[in-house]
1. Which condition does Glu47 not pass, out of (1) part of a helix (DSSP H, G or I); (2) over 12 Å from the mean Cα position of the chain (by Cα), if it passes all the others?
2. Residues in the stretch 102-121: is at least one modelled with pLDDT of 95 or more, more than 18 Å from Arg186 (Cβ to Cβ), in contact with a strand residue (DSSP E or B) (Cβ under 6 Å, 6 or more places away or on another chain) and buried (at least 24 other Cβ atoms within 10 Å of the Cβ)?
3. Mind checking which pairs have a first residue in the stretch 169-193 that is part of a helix (DSSP H, G or I) and a second that is among the polar types (S, T, N, Q), Cβ under 6 Å, 6 or more apart or different chains?
4. For the stretch 22-40, which residues satisfy the criterion of being more than 15 Å from the chain's Cα centre (by Cα), touching a residue at least 40 places away in the same chain (Cβ under 8 Å) and open to solvent by less than 40 Å² (accessible area, probe 1.4 Å)?
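The values are calculated or read from the model by the stated rules, or taken from the named source; none is laboratory data. None of the values given here were measured: they were computed from a predicted structure. Neighbour counts run over all protein chains shown; Cβ positions are idealised from the backbone, glycine included. Surface areas here come from the heavy atoms of the whole protein model, side chains and all, with no ligands, DNA or RNA. Shrake-Rupley method; radii C 1.70, N 1.55, O 1.52, S 1.80 Å.
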Amino acid sequence: MNRRIVLASSSPWRREILARAGIPFTVRAPGIDESPRPGESAPALAERLSIAKAKAVAESPANDAAGRDALVIGCDQVAECRGQLIGKPRDHAHAVAQLQSASGATVTLHSGIALYDAATAAVQSAVEVFTVEFRRLDRDLIERYLRAEQPYQCCGSLKAEGRGIALLRRLHGDDPNALIGLPMIRLVDMLNNAGVDVV
């Protein structure tokens, strides 16, 4: 692998997914405003933020010379439930409210992925959709789950790779990694298009 790869994310779960795939990479936090624009749809927001994160890291004045021709991975996840956009919870009370709203409902996760070539400014981007159907959740179950997992950095307060799986009845999507916010099947295609063989 002859290109430097940078993951523009502060998520430890995304780092873990990428590391398991055996892809050498470094990490930089993008530090961008993630607020939705008025009327912006969930998939549009996820894709826009993925691209913005990758570009922010690639174009940062702090970026060293070795990183100016890097391939930068940006990703973002936006959930949608009952017609409302759902992000990370602000605090415990907000997490409780998110899970109460999701009880018995289907939540659609829009996982944006972007690969920005810092050498050419070429961008590849996509949004992978994954749906999760929640069980009926009572307040006691929600409180036990939140105490055990403390998923306050997770979109929709769902940490499905941990005890959050007990909250769900059904999962549907093409890439299980999209559930955690890093669609690896799409990313492998993008890296291959950029001349990087993952295996």
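1. (2)
2. yes
3. Ala178/Ser111; Met184/Asn177; Met190/Gln124
4. Ile23
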